[in-house]
Amino acid sequence: MAPEGASTMADGNETASVDNLTDGFHLLIDALKLNGVETIYNVPGIPITDLGRYAQASGLRVLSFRHEQHAGYAASVAGFLTKKPGVCMTVSAPGFLNGLTALANATTNCWPMILISGSSEREIVDLMQGDYEEMDQLAIAKPLCKAAYRVLHAEDIGIAVARAVRSAVSGRPGGVYLDIPGNLLGQVMDAVEGEKSLVKVIDPAPRQVPAPEAVARAIEVMKGAKKPLIIMGKGAAYDQSDEAIREFVEKSGYPYLPMSMAKGLLPDVHPQCAAAARSLVLKEADVVIMMGARLNWLLSHGKGKQWGEPYSKKFIQIDIDPREMDSNVEIAAPLVGDVGSCVAALSEAMGDSWQAPPAEWTDAVSTKVKTNVERMAANLQNNAVPMNYQGALGSLKRVIAERPDAMLVNEGANTLDFARSIIDVYKPRKRIDVGTWGVMGIGMGSAVAAAVETGNPVLAIEGDSAFGFCGMEIETICRYNLPVCIVIFNNNGIYRGDDTNWSGGEDPATTVFVEDSRYDQMMQAFGGNGVYATTPDELYRAVSEAMDSGRPTLVNAVIDPAAGKESGNIGSLNPQSVVAQARYGEKAKK
Ligand code: OXT
Ligand code: ADP
Ligand code: MG
């Protein structure tokens, strides 16, 4: 055994005074700090418990969750909001797997995140000899993220963290896995050598300027447009080039459609916003500029009835990832680069006398917007009890309009779809939702990250099912006393709360929950404020008060169990079967 005040070196032989030594724990912490990491989202346990303690002792903010998936979602949302990789830390095997869902989701959403997971002894894992929480984590992580690295020697920690940071944020952002076998943390090396081994990543996500000929090509396509449209996605929100985007949009005069997390890049009440004329603009537009948005399922892959086929359209696509071009349809003018550089180049190339699009088109869009907004406004006034989605969301729309800096988190099916179209967002990156995968359970992790990373009050509008995936994290919210107000749209179930068992048996239907569950009382159990709201007025008052006080609050909003639709707005994605329809009749039709 090494004498007191001395330790075993990485090569296992020498001993020296601990004052001149560092170890894997501290090298990892120092490497993260050197690269601007300020917060770690984690769940402690073997072998990373002390890593969390030492990180906290060294001045990092370490937030402990109840389940790794939510720590992971928080890290990924931190990545989206800050353009720096959000860091999640997990224990081996089961903790790692819990965090992996969030890592894969971050990669799908193109958000930078690093999952650092402790793992078991390599020698035992590789011989499959049954170590504590044994699993070949690197192999499992690899297909689910952008890059995966393992560090075996303390002197490689610096370079490993540098690789992880650059991989996460450069090009198309995504999730990176960093495998830390437990015994790495205890490895000891000379402190001066250790410091020298750290790497600060210079310019981790370099601006990518589009080629001049690509810009000229795009301008030519724009010049031929009679019914142009811009579609902005969360890649544009991520880019943080808000002013350049606004300048381009306003200079072009084109109507624009914000995808859900691009809402607020320009205020939803902007005269060019075509969110309330979605069907019309998708169908009619002849030139579409995709700006940090993919032509995936959320946009019917850019083809089909929704796009007015066989009407032919030309697409201009701005994306940092060249492989995104032509993924679904031909892209007439690909602009490979970051959104900020691309829109700045377009604005410049448009010159000072850019011709506004034909008034016939912009007037048609404005008229449709006006009609839809007016129709919706009438529905939002209703005071029905139990509340329907429109009545309840009418109240919450006011809350956000009065607090445009507040962060809005939103998940569910009907709760998501109604809230997306009803609640206007006024500023960039204020709305966080289920993302590309439509994942339930992102709510509480997102709410924690939104509060921690922005310092602003957070309103999380949650379907009761969606909340159930992450509900235990309200203890986390209370523990850190975060300014989060959660509203549960409690309709007693998934989509609706009024379905019955089709066999006529005693078990409840597959989509319904305990009737009138008191989620507000869960919040009270942790010292938070729990409110039961049955009317739009009660809801408005309770949420306004919570947003102003910053006190962790959960409002149980009682929603009519019959108010929702199967799968919200995406019921058509449910598989259909003539056999099922023959057996069960109309109710099997979605
Ligand atoms: O132009 P038209 O006329 O068409 O009108 C459109 C707009 O112009 C108009 N509009 C407006 N009008 C007036 N004013 C304004 N401001 C305005 N803005 C828009 O409104 C219409 C509609 O516009 P919108 O919304 O923009 O357009 P649309 O057509 O909906 O857009 C299409 C999409 C695809 C882009 C959009 O629908 C979208 O983004 N959808 C995302 C859907 C999604 O991701 N859903 C979540 C998944 S659903 C399901 O899978 C669920 N699960 C399974 C499950 C999941 N997901 N995850 C995991 C880990 N496990 C299981 C579960 C369990 S949902 C779910 C739980 C559900 O139950 P809850 O209790 O949580 O929730 P409740 O349903 O409330 O009970
Ligand atoms: P949405 O769901 O909002 O439509 P998507 O997630 O489908 O958005 O698309 C985001 C796109 O943005 C991805 O193709 C991604 O490569 C791209 N992207 C991410 N960051 C940037 C950036 N800084 N500049 C340009 N494109 C980006
Ligand atoms: Mg529900």
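The values are calculated or read from the model by the stated rules, or taken from the named source; none is laboratory data. This one's a predicted model, so the numbers in the text were calculated from it and none came from an experiment. Cβ atoms come from the backbone with ideal geometry, glycine included; neighbour counts cover every protein chain shown. Calculation scope for accessible area: heavy atoms of the full protein, side chains included, ligands and nucleic acids excluded. Shrake-Rupley method; radii C 1.70, N 1.55, O 1.52, S 1.80 Å.
Overview of values
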item: Test: residue in the range 518-537 that is within 12 Å of ligand 3 (Cβ to nearest atom) and within 27 Å of VAL448 (Cβ to Cβ); result: yes
item: Pairs, first farther than 19 Å from TYR238 by Cβ in the range 321-350, second within 16 Å of ligand 1 (Cβ to nearest atom) and assigned to a loop (DSSP other than H, G, I, E, B), C-beta under 8 Å, six or more apart; result: ASN328/LEU295; ASN328/ASN296; ASN328/LYS303; VAL329/LEU295; VAL329/LYS303
item: Qualifying helices (runs of 4 or more DSSP H) (wholly inside the range 369-473; at least 1 residues being closer than 16 Å to ILE488 by Cα, among the basic types (Lys, Arg) and away from ligand 3 (no atom under 16 Å from the Cβ)); result: 389-402
item: Leading residue by the ranking (nearest to TRP307 (Cα to Cα)) among those in the range 317-336 that are of a type outside the set (A, V, I, L, M, F, W, C) and open to solvent by less than 30 Å² (accessible area, probe 1.4 Å); result: GLN317
item: Checklist (1) within 17 Å of the chain's Cα centre (by Cα); (2) among the hydrophobic types (A, V, I, L, M, F, W, C); (3) under 30 Å from HIS301 (Cβ atoms) applied to ILE423, failing item; result: (1)
item: Any pair with Cβ under 6 angstrom, 6 or more apart, that starts in the range 433-447 at a residue that is under 14 Å from PHE467 (Cβ atoms) and in contact (Cβ under 8 Å) with a residue 40 or more places away in the chain and ends at one that is among the aromatic types (Phe, Trp, Tyr) and within 16 Å of ligand 3 (Cβ to nearest atom); result: GLY441/PHE469
item: Candidates SER503, SER544, filtered to the one that is away from ligand 3 (no atom under 16 Å from the Cβ) and modelled with pLDDT under 95; result: SER503
item: Residue check, ALA277 in contact with a Lys or Arg (Cβ under 9 Å, 6 or more places away or on another chain), part of a helix (DSSP H, G or I) and either open to solvent by less than 10 Å² (accessible area, probe 1.4 Å) or within 16 Å of ligand 1 (Cβ to nearest atom) (or both); result: yes
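Quick grid of which residues meet (1) in the same structural domain as ASN414 (by TED's automatic domain parsing); (2) under 27 Å from ILE400 (Cβ atoms); (3) out of contact with any strand residue (DSSP E or B) (no Cβ under 7 Å at 6 or more places or on another chain):
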position	(1), (2), (3)
THR511	yes, no, no
GLN521	yes, yes, no
PHE526	yes, yes, yes
TYR532	yes, yes, no
MET547	yes, yes, no
LEU554	yes, yes, no
ILE570	yes, yes, yes
VAL579	yes, no, yes
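Each row is one residue, and each column tells you yes or no for (1) open to solvent by 50 Å² or more (accessible area, probe 1.4 Å); (2) polar (S, T, N, Q); (3) under 19 Å from LEU51 (Cβ atoms); (4) within 16 Å of ligand 3 (Cβ to nearest atom).
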residue: ARG122; (1), (2), (3), (4): no, no, yes, no
residue: ASP126; (1), (2), (3), (4): yes, no, no, no
residue: TYR132; (1), (2), (3), (4): yes, no, yes, no
residue: TYR149; (1), (2), (3), (4): no, no, yes, no
residue: ASP156; (1), (2), (3), (4): yes, no, yes, no
residue: VAL188; (1), (2), (3), (4): no, no, yes, no
residue: ASP203; (1), (2), (3), (4): yes, no, no, no
